[in-house]
Each structure stands twice: as structure tokens, then as C-alpha cells.
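Everything below concerns the one structure shown next.
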Amino acid sequence: MRLTHCVPLFLFAVSVSFFCGCGKGNETVAAHSAAKPSDPPPDHIVAKVNGTPLTWAEMEKRAMGYLKDDVEVNHLVIPSNRMDEAKEYFRRRSINAFVFKTVMMDEAIKTGIRLTEADRQQSLNSLARSLKARNWTTNDFFQKGPQGPELMRREFEDGMIIDKLLAVHVRNTLKIDDKEITDAISLINATNGVKRAKLEDVRKQLLAGADFAGVARNVSECPSAKKEGDLGEFPRGKMLKEFEDAAFSQKVGEIGPVIETRFGYHIIKVTAHAAAKAATASTPALPETVRASHILLKKVAVDRKRIADTILRAKYNKGVEQYFAELKSKARIECYLYKDMKF
């Protein structure tokens, strides 16, 4: 089993977040509070990797592109009095991205990695699938991307090369055996068992007189917790069968037993039950309905393929981290703008 092809540009974002030193992607904007330096000339060199320079203009274009994308797509909110701080954060992120890309591209060139048209088509197909959530086409991606069309296309091309390099040295070397999957399933089942046991204890508290609404608000993992567990009124055919069978068979006001659905473990309390009404000359027929509240503790589904993919993804991330660390240790990396950055 192997990982499917990755979208190169998104690979950059993940890799930069995990594998670079000071200025990592998972830091908050507030992490760097150094005073804003005076803007140097556009051709001023801010960093070098193996002699390849990064100019102020190149860094700034990428950094402000990242900032713009986070604001417009990820809805990042930056107070006006923190804007300079935010720019410093994204400048550091831009330098980290430059280091990762340059180290990887140097190795790809050294090892003779070449792209085929099949590689390009596969990457574009993967990109198209990933963009559906934004309702974007691949052309939208290049035209509306944070770096501008020309740089976005160049970055995407470079990303494909890096992805192919990582396929050879990391992805295609990964293996997974049945024992790893079985062990993961055992851990999931144990975790699910703990959740069910916890809900059985919650039910005992309810039977002893605890307030259902308050417990639902504090314990339930369903969005209905905000409504104290209330799911409203519903007829048959609107809920999962296991949930529906339990709800329509319970007495009003009764604390039901813990039941299991594909979402997890539930305790149901029916608050109203209306019988079906036949149609009359002036009114339509009305179905039988109940109004119910519930407390939900979610379970993790046991899906062998998803579990295998998760294990492989973790191995891939670790493999890329190790491979990049190996290449980075042989590279000459210099940062003139931020002396505290470690690579």
C-alpha cells in the first residue's frame, strides 16, 4: 500500500510548517514582536541557500501573498495595531519556504529528477479535486493565488519536481503490515470502550437526579449541546434507524439506555410524543412524531483503509522530516535579515 500522489503546492505548506526551525508555521502571529526594520532596496539579499539568493522583493511578495491568502481564505483577523507584527511573521514564513524549496530543488537537480507530461496531468487532476471545496478551477488557482499567476505556475512546477523527489526517497519506500493496522484498531476499540463506559456513568448520574439539560450542555459532543441536547420534533424516517427505534419506543420523560449509532453513543430523553392523525375533510394527515433531547459521545469509526492511510501519512511526514533534515545538514544556509532564525 502506498500514499496517493500529493498536490505539490500544498506539500510546501505542510512541509514548511513542520520541518523548519525558528519561525515555524504553527506559531502564532504574536510570536515575533521584534521592531519592524526599515525596508531595504528590492535587490537587497536577505538570505542564501547554497549560494542561491533570496531578495527583499522576492521575500516580500511571497510574505504578503501568504498574509493575503490567510486573511481572505482562512479568515485570519489581524488587529490594525498588530499588522507590523503579522508582516514579520509572514516574512519569516517566506524565508522558511525558500529554504525548504531551495534545498529540495538543489537535490532534485543533482539526482536528475525530470517531469513527464503524465506527472503534470496527474498533479493537475489532484489539484482540481482539492479545489472543489473552494469552487475553484485550476485556472482560478493560478489566477487568484496569493503569488500572482506567473509565480504560482512556477511554484507549482517546482512543487511537482519536489513531490517526485520525495516519491523516490520517501513515499515509495513506505510499508505497512497487518499488525500495525490491527494494533491501531485495538487502540480505537479501547478508546471507544472508554467513551461508552463514561456515558454509562453519565446515565447513572441522570437516573440519580442530575439535570439532563445541564449535563447535555457540558458533556455532549453534538452541536445540539448548545440547545441543552434538544433535537426538536421529528417523524419516523428522519433519524438513524437505531436512534429512531429507541426514541419512538421510549416513554416521555424517561432516561433511555445507552445506544450506539455510527456517530457514537447516545442517551435519549423523549420530551413529547404525538400520535399520528388521520386526514379529515379540512386537515391533512399528520405522522407520528416525537420530540427528543440526547447526549452524544462520538466514537472513532473502524475503517481499515482510513486507518492504513493515517498510518502511512504519519510515516510519510516523519520520512520527509528526516530526509529534509539530512539534506539541510549538508546545505549552507545564511539568513541576514533575522539573525535568530535557526535552520
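Screening the stretch 256-343 for strands (runs of 3 or more DSSP E) wholly inside it with 3 or more residues that are more than 27 Å from ARG93 (Cβ to Cβ) and out of contact with any strand residue (DSSP E or B) (no Cβ under 7 Å at 6 or more places or on another chain) returns no ranges.
Select from the stretch 117-171 the residues that are of a type in the set (A, V, I, L, M) and assigned to a loop (DSSP other than H, G, I, E, B) and write down the one among them that is modelled with the highest pLDDT. Residue satisfying both the conditions and the ranking: VAL170.
Pairing each residue of the stretch 117-136 that is among the polar types (S, T, N, Q) with any residue that is loosely packed, with under 15 Cβ neighbours inside 10 Å, provided the two are 6+ apart or on different chains, yields C-beta distances under 8 Å for SER126/THR4; SER130/PHE10. Restricted to the stretch 278-300, and to residues that are surrounded by fewer than 20 Cβ atoms within 10 Å (Cβ to Cβ) and among the β-branched types (Val, Ile, Thr), which residue is farthest from THR261 (Cα to Cα)? Filtering first and then ranking leaves THR280. For the stretch 138-153, a tally of residues being in contact with a Leu (Cβ under 9 Å, 6 or more places away or on another chain) and surrounded by 14 or more Cβ atoms within 10 Å (Cβ to Cβ) returns 5.
Out of the residues in the stretch 228-272 meeting the condition of being of a type in the set (Gly, Ala, Ser) and surrounded by 15 or more Cβ atoms within 10 Å (Cβ to Cβ), tell me which one is farthest from GLY209 (Cα to Cα). So, considering only residues that are of a type in the set (Gly, Ala, Ser) and surrounded by 15 or more Cβ atoms within 10 Å (Cβ to Cβ), the one farthest from GLY209 (Cα to Cα) is GLY264. Between LYS251, LYS204, LYS299, the distinction of being modelled with pLDDT of 95 or more, within 27 Å of the chain's Cα centre (by Cα) and not small (Gly, Ala, Ser) belongs to LYS299 only.
Restricting attention to the stretch 205-212, does a residue exist that is polar (S, T, N, Q) and part of a strand (DSSP E or B)? Checked against the condition, which is being polar (S, T, N, Q) and part of a strand (DSSP E or B), the stretch 205-212 yields no hits at all.
The values are calculated or read from the model by the stated rules, or taken from the named source; none is laboratory data. Note that the coordinates shown come from a computational prediction; the quantities given were computed from them, not determined experimentally. With ideal geometry, Cβ positions are generated from the backbone for all residues, glycine too; neighbour counts draw on all protein chains shown.
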